[in-house]
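As structure tokens, the structure follows; a few thoughts come after it.
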Amino acid sequence: MKATPKSDLYRLLPSVDDLLWQEELLSLVESEGQPSVVEAIRVVLAKVREEIATGHLENEESVQLVITGLPDGIARQLHAAMEFSLKPVINATGVILHTNLGRAPLAHSALKRIADVARGYSNLEFDVHAGERGKRDIHVERLFSRLLNQEGVSGIRTVVVNNCAAAVMLALNTLAEGGEVIVSRGELVEIGGSFRVPDVMSKSGAVLREVGTTNRTRIADYERAINEKTRLLLRVHRSNFAIVGFTEQPPLEELAALGRKHKLPVMEDLGGGALLPLRSLGINESGVMDSLRAGIDVVTYSGDKMLGGPQAGMLSGREDLIKKIRSNPLFRALRVDKLTYAALEATLMEYIRQNHDAIPFARMMRLPAEEIRERAEAMRTKLASASRLHTEIISGESLVGGGSAPTSILPTYLLAITAEGLSADELAARLRGHNPPVIARVEEGRVLVDLRTVFEHEEPQVVRALLAVERIG
């Protein structure tokens, strides 16, 4: 068939206005708004013009065929453009606090509190009884006080900012701006997203004073470094790596005693910040109470890691130091909103009730491997009709994740899957393309599904995603 001049083909294309008022698109204008539909039309027409320019559409008949399908193409483009970017996924990796997947899922009570507070006005900074302005801290400070002022520990107060990095910066700026902060070389860590402790210290206005070596730092190293410029002794918890072998690190109690001796505050950037006794669950990780009982003056930790709540950064410690930290002008810049307080309040209430299984992170940590095996066997039975899929149950390991407890693992059972005609990476990509996406691990040529991090109500969706692989072929 003879090619038509491109200029003639361009003239065949309808205008934006012509398409906008076609009957097939009127419902889209009503539901999504005219500006969004116009943008979708322009994108689709630009693609058609590109097809003509590159010679993929070279005659009148082919262009007319494309024009007939323009309404459907515009609708698809509009739906793709208006689709939410942030969406739920199913975490089948077995990494409980998966940073890339949003870390700790919230408790149902936290979700309800968010909805209750968000749908209208609230007493965020209003004292209902006095009828005057109040402070937003009180909504969770009273709960932290009940949880942290235990036997042998008293006078502990807490303030909340938007994440743990902000908590560290705020504390250093308040307690050590213009002065020196002594820290072990073995604790100058980098965590996800290129967050480096030395960089945060520099931004805080404090001067870093390194002591010891990468693998060995003694209490005498700290004491020798103390001078008239020293403002703070800092311990940074190695939450995302471990140093083993020929190592030495002074206990927290010794560091706290040195601080008292020289009238210097001692701060620990704990990172994870568990309120549960993790060692009873086989997790080699210290918690907030361990640090406070050891005499640490200020502890910083995250809300969305081993606390199992929303993203936030907590500073808990001596009342006089926390009061000073709260009065820093940076506090207002780093404070959290009503939704964070609502979720945090509900999460802390579950701890006070000792209803730990209501907190998804805690419940996943406590799941026995045998229960996970039984769920995996049940899922395998439901996949028996899929002739292309080959499955088996194997023993494996779940991880805490979130830059926490790097040396601790949780025994689990994995559903190991291969598919005829697909590599493991291709199968994993198919699962990610499901709605909702199923995120699994790929190891040794197999896709591994760990149900420790899959909620039971999500299991049918995982089965559907795998059966869809069978149907697609």
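The values are calculated or read from the model by the stated rules, or taken from the named source; none is laboratory data. In this text, all values refer to a predicted model and were calculated from it rather than measured experimentally. All Cβ positions, glycine included, derive from the backbone under ideal geometry; neighbour counts span all protein chains shown. Heavy atoms of the whole protein, side chains included, go into the accessibility calculation; ligands, DNA and RNA do not. Shrake-Rupley method; radii C 1.70, N 1.55, O 1.52, S 1.80 Å.
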Problem - Mean Cα-pair separation over length for the chain, i.e. relative contact order, pairs under 8 Å, 6 or more apart, % - result: 18
Exercise for the section: Could you tell me which of Ile96, Leu383, Phe331 has its Cα farthest along the dipole of the chain towards the positive end, charges placed at Cβ (Lys, Arg +1; Asp, Glu -1), taken about the Cα centre? Expected result: Phe331
Practice task
Please name whichever of Phe144, Phe84, Ala40 sits farthest to the positive end of the charge dipole of the chain, dipole taken about the Cα centre and charges placed at Cβ: Lys and Arg +1, Asp and Glu -1.
Solution key: Phe144
Exercise for the section: On a 0 to 90° scale, report how tilted helix 338-352 is relative to the longest principal axis of the chain, with both axes built from alpha carbons and the result rounded to the nearest 10. Expected result: 60
Practice task
With a bin width of 5 angstrom, please list the P(r) values of segment 95-143 as percents of all Cα-Cα pairs, from the 0 bin to the one holding the largest distance.
Solution key: 5, 16, 15, 21, 18, 12, 8, 4, 2, 0
Practice task
Pick out, from Ala3, Ile359, Val442, the residue whose Cα sits farthest towards the positive end of the charge dipole of the chain, with +1 on the Cβ of Lys and Arg and -1 on the Cβ of Asp and Glu.
Solution key: Ile359
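From the helices alone, meaning DSSP H stretches of at least four residues, give me the mean residue ellipticity at 222 nm for the chain, per-run term -39500 (n - 2.57), in deg cm²/dmol to the nearest 500. Intermediate results must be reported in sequence, preceding the final value.
Details: 20 runs with 202 residues, N = 473.
That calculation yields -12500 deg cm²/dmol at 222 nm.
Give, in whole angstrom and from largest to smallest, the semi-axes √(5λ) of the equivalent ellipsoid of segment 248-297, with λ running over the eigenvalues of the Cα gyration tensor.
Details: eigenvalues 104, 23, 14 Å².
The answer is 23, 11, 8 Å, longest axis first.
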Problem - segment 107-214: relative contact order as a whole-number percent, Cα under 8 Å and 6+ apart - result: 19
Handout entry: 21 Å Cα-Cα reach of Lys261 towards lysines, excluding residues that sit fewer than 8 places from it in its own chain
Key = Lys229
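Rounded to the nearest 0.05, what FRET efficiency do Val207 and Ser122 have when you use their Cβ-Cβ distance and R0 = 60 Å? Mind showing how you got there, number by number?
Working: r = 42 Å, r/R0 = 0.70.
Plugging the Cβ-Cβ distance into 1/(1 + (r/R0)^6) gives 0.90.
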Exercise for the section: Determine the dipole magnitude for segment 1-133: charges of +1 sit on the beta-carbon of Lys and Arg, -1 on that of Asp and Glu, nothing else is charged, the reference point is the Cα centre, and the result goes in debye to the nearest 20. Expected result: 660
Exercise for the section: Treating the angle as unsigned and between 0 and 90°, give the value, to the nearest 10°, between the Cα long axis of helix 369-382 and the longest Cα principal axis of the chain. Expected result: 10
Problem - Per-selection metrics, segment 348-473 (Cα): Rg and Dmax in Å - result: 15.6, 53
Exercise for the section: Check cross-link reach from Lys112 to the lysines: straight Cα distance under 21 Å, and skip same-chain residues fewer than eight apart. Expected result: Lys87, Lys305, Lys338
Practice task
Under 15 Å from a label point 7 Å along Cα→Cβ of Lys47: give me every residue in segment 57-86 with its amide N that close.
Solution key: 57, 66-83
Problem - aspartates and glutamates whose Cα lies under 17 Å from that of Lys203, excluding same-chain neighbours fewer than 8 positions away - result: Glu177, Glu180, Glu190, Asp269
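Taking each pair of distinct Cα atoms in segment 213-347 once, what is the resulting Kirkwood hydrodynamic radius in Å?
Values: mean 1/r = 0.0610 Å⁻¹.
One over the average 1/r among Cα pairs gives 16.4 Å for segment 213-347.
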Problem - Cα pair distances of segment 285-329 binned at 10 Å [whole percent] - result: 25, 49, 25, 1
Problem - With Cα atoms, 0 to 90° folded angle of helix 459-472 axis to the chain main axis - result: 30
Handout entry: Highest-first arrangement of 342-352, 439-449, where packing means the average Cβ count within 10 Å
Key = 342-352, 439-449
Practice task
Give, rounded to the nearest 20 debye, the magnitude of the charge dipole that the chain has about its Cα centre when Lys and Arg contribute +1 at Cβ and Asp and Glu contribute -1 at Cβ.
Solution key: 1660
Handout entry: For q = 0.12, 0.14, 0.18 Å⁻¹, Debye-computed log10 I/I(0) when each Cα of segment 294-372 counts as one equal scatterer
Key = -0.46, -0.60, -0.88
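Based on the Cβ-Cβ distance from Gln461 to Glu61, what FRET efficiency comes out when R0 is 30 Å, to the nearest 0.05?
On the way: r = 44 Å, r/R0 = 1.47.
That pair, Gln461 with Glu61, gives E of 0.10.
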Fill in the blank from the handout: Over all Cα pairs of the chain, the Kirkwood radius sets Rh, and Rg/Rh then becomes 1.09
Problem - Inter-site label distance for Arg318 and Asn355 at 7 Å from Cα along Cβ, in nm - result: 3.8
Fill in the blank from the handout: Probe 1.4 Å, heavy atoms of protein chains only: per residue, the accessible area of the chain in Å² is 49
Problem - Relative compactness, segment 117-228, computed as alpha-carbon Rg over 2.2 N^0.38 Å - result: 1.46
Problem - Cα-only Debye scattering, segment 4-80: base-10 log of I(q)/I(0) at q = 0.21 Å⁻¹ - result: -0.87
Problem - Förster radius 56 Å - calculated FRET efficiency between Ala369 and Ala257 (Cβ-Cβ, nearest 0.05) - result: 0.85
Exercise for the section: Quick one: dipole size for segment 123-217, taken about the Cα centre, charges +1 on Lys/Arg Cβ and -1 on Asp/Glu Cβ, in debye to the nearest 20. Expected result: 120
